[in-house]
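Asks: Can you keep this structure in mind? I'll have questions shortly.
Values in this text are rule-based calculations from the coordinates and carry no lab data. Keep in mind the model is a prediction, meaning the values are calculated, not measured. Here Cβ is always computed from backbone atoms with ideal geometry, including for glycine, and neighbour counts include all displayed protein chains.
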Amino acid sequence: MKQLAQRMTWAGWLSLAGILLVVLLAIFAPVLVANDPMETDPMRRLASPEGFPLGCDQLGQCVYSRLVYGARLSLIIGFASRFTALIIGLAVGLAAGYFGGWLDWLLMRLVDMFLAFPSLLLAIAVSMVLGSGIGTVVFALAIVGWAEMARIIRSAALELRSAEYVVAARTLGASHLRIILTHILPNCLPLITVIFTMGMATAVLSEASLSFLGLGVDPSLPTWGGMVASAKDYMLRRPFLVVYPGACIAFLVIVFNVFGDELRDILDPSRKGQW
């Protein structure tokens, strides 16, 4: 950790500060927000009454409150979907890379099938079949994200299975599960950290896209993508109704991407510029 802090550049520190800022906003949303983000009032429609810092939207809902609570929903969906995708990709990638042979061929053909579909179109198809909801969005994003993780982790496992300490453990009679958990997996942790962090940006953007198309969570819930979709018809009258949530999406995606790049350069410099 000390070495990580010493090698972090100013861009890494700024991106980390941005991520922490959004996380703190999400955690302390009830303290930072005075108005109910779900409350509507036709009398406040597209107005800026006192006590509403960023005004109200077309339904008379507080824009500031919905932005803050939208951060909470974006982070929850992003983390849950990437964690689910990581578990699946980790299991498939480690099994394929360590055992090789027919199992590797079979699992990689399955990965190729998922990678053959554009990720957003596949997420849209899953959402249309299962219907809207937080669970559906998490499942859809996990389905489209695990294959890429599996391929990356498999490449690392292929390199590590021929390492001297792995061969020595196998010679001494260690079980396959023990070798994977004590030798292969710990050495994949830097790579896992990087792909999880960078994948958060993709998950946030995909969730916003699904919400914009009306295939995400309940439209009444405060999501940044949903706010952009509902305000697009009022761009000429109140352009900031689209600018505010759009800027939040862009900010969160950028800071996760920059921080992921920083972690990659520090934890795995041999792969710098390859992803």
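Asks: Where the eigenvalues come from the Cα gyration tensor of the stretch 88-208, what are the semi-axes √(5λ) of the equivalent ellipsoid, largest first, in whole Å?
Replies: Semi-axes (√(5λ), whole Å): 32, 15, 11.
Asks: Sort E207, E39, E148 so that the residue with the fewest other Cβ atoms within 10 Å of its own Cβ comes first and the one with the most comes last.
Replies: In increasing order of surrounding Cβ atoms, one gets E39, E148, E207.
Asks: Then there is this: Working only with C-alpha atoms, what are the Rg and Dmax values of the chain, expressed in angstrom?
Replies: Every Cα atom of the chain included, Rg and Dmax give 21.7, 76 Å.
Asks: On a 0 to 90 degree scale, rounded to 10, what angle separates helix 240-267 from the longest Cα axis of the chain?
Replies: Orientation of helix 240-267: about 20 degrees from the principal axis.
Asks: Among A203, L241, G260, which residue has its Cα positioned farthest towards the positive end of the charge dipole of the stretch 61-271, with +1 placed on the Cβ of Lys and Arg, -1 on the Cβ of Asp and Glu, and the dipole taken about the Cα centre?
Replies: L241
Asks: Once each part is reduced to its C-alpha centroid, what is the distance from the stretch 154-178 to the stretch 193-269 in angstrom?
Replies: 40
Asks: Also: Report, to the nearest 10°, how far helix 63-99 tilts away from the longest principal axis of the Cα atoms in the chain, using its own Cα long axis and a range of 0 to 90°.
Replies: For helix 63-99, the angle is close to 10 degrees.
Asks: Let me ask something else about it. L189 to A116: FRET efficiency via 1/(1 + (r/R0)^6), r the Cβ-Cβ distance, R0 35 Å, to the nearest 0.05?
Replies: For L189 and A116, the calculated efficiency is 0.75.
Asks: May I ask you to sort H176, H183 by Cβ crowding, counting other Cβ atoms within 10 Å and putting the fewest first?
Replies: H176, H183
Asks: If you don't mind, there's one more thing I want to ask. Please get the size of the charge dipole for the chain, origin at its Cα centre, with Cβ charges of +1 on Lys and Arg and -1 on Asp and Glu, quoted in debye to the nearest 20.
Replies: Here the size comes out at about 420 debye.
Asks: For helix 101-115, what angle does its Cα long axis make with the longest principal axis of the chain, in degrees from 0 to 90 and rounded to 10?
Replies: Compared with the principal axis, the helix lies near 20 degrees.
Asks: Can you give me the relative contact order of the stretch 61-271 as a percent, contacts being Cα pairs under 8 Å and 6 or more apart?
Replies: 27 percent.
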